[in-house]
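The block underneath contains the structure these notes are about, expressed in C-alpha cells.
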Amino acid sequence: MKLLLHACCGPCSLEPVRLLQAAGHDIAIYYANSNIAPREEYAHRLATLEDWAKSEGIPVIEGPYDPATWEEAAGRIGDAALADVQAARRETQSATGEDASLRADVLSVDPARREARCRACYRLRLEETARVAAERGFDGIGTTLSVSPYQYTQVIEQEVRRAAKREGIEGVFEDFRPYYDEATRRSRALEMYRQNYCGCRISDEEAAAERAERKAQRAAAKQAERAEHAAEIAAAEAELKQHRAARAAYDKKQARKRAILKSLREQAKQEVSE
C-alpha cells in the first residue's frame, strides 16, 4: 500500500517505519505537528526526522505550521484543565498554608480533560494527513504516535480510522508500544535528538511539573534515608557507649579483686616472716 505516515518526530519513527516497510508498505512521512511549541522545538524535531529519513531514502513532506489553529482546536481544552489545577493548588495552599506547587495530587490534570485535549490534537493532525494523502494519491494513512506508552492508544486508533474514512482511504493502525524500548535504544545509538515532552506548551508545563515532583520525591527519600541511617548510627554509638561503660565497671571490679588478693598475699608473707 502507498502509505502516508504521520510522524511526530524522528525517534518515534524508527520502529513503525521498519515494521510497516517489512509489511510491504511504500512509505512517505508527513510531518504535521502544529501542536509543537515553541517554533525552535518544532524545527529541531523536523531536522532530526529529515536527517534520518534522508539516510533511509524516505521522503518527508512538511505540513503547514499553524499553532493558532491548534490553539483553537486543543489549546483551549488544555488551558481549562490547567486552570482547574491552578485553582486546586490555590485551594490547597489556602486551606493548609503549605506550598502546594509540588503536590502530586494537585498537579494531576483531570484525566477526562487531558484525553479530550489529546483527542482534539490527534484529530487535527490526522485529518490534515488524510486530506493530503487523498490529494496526492496515497492509498492510506498511519501514524507513529502509537509507539509511545504515554499516549492514548485507543483514541489514536479511533482517530486514524475516522480521518481515513472521511477521505475515502484506508486507515492503517498498529499498536507499536511493544517496540518502544527498541526505538529508544536505536535512537540513542544514532545520537538522535530526544525531546522530554510530548510537544505542546501544555504538555511541556505538565512534564516540567512532573519532573519537579519526582525530584522533590527523590530529595525526600534521600532525607528519610539519611535520617534512618542517623538513627542507626546513634543507636550503634549508644550501644558502644553502654558496652564501654560495662567494660569499665568490669575492669574496676577486677582491679579491686586483684588489690584485695595482693593485700592478702602480702599479709600472709608478713605473718610467715614473724
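Each of 216, 129, 246 was scored by the projection of its Cα onto the charge dipole of the chain, and the greatest displacement toward the positive side belongs to 246; charges sit on the C-beta of Lys, Arg, Asp and Glu. Helix 201-273 and the long axis of the chain differ in direction by around 10°, with both axes built from C-alpha atoms.
Relative to the longest principal axis of the Cα atoms of the chain, the long axis of helix 111-135 makes an angle of roughly 40 degrees. For the chain, count all C-alpha to C-alpha pairs, find those more than 34 Å apart, and express that count as a whole percent of the total. Cα-Cα pairs in the chain separated by more than 34 Å: 42 percent. Within the straight-line cut-off of under 25 Å between alpha carbons, the lysines reachable from residue 262 are 252, 253, sequence neighbours fewer than 8 places apart in one chain being disregarded.
A short reminder: the numbers here are calculations on the coordinates, not readings from a lab. Keep in mind the model is a prediction, meaning the values are calculated, not measured. Counting neighbours? That spans all protein chains shown, and the Cβs are built from the backbone with ideal geometry, glycine included.
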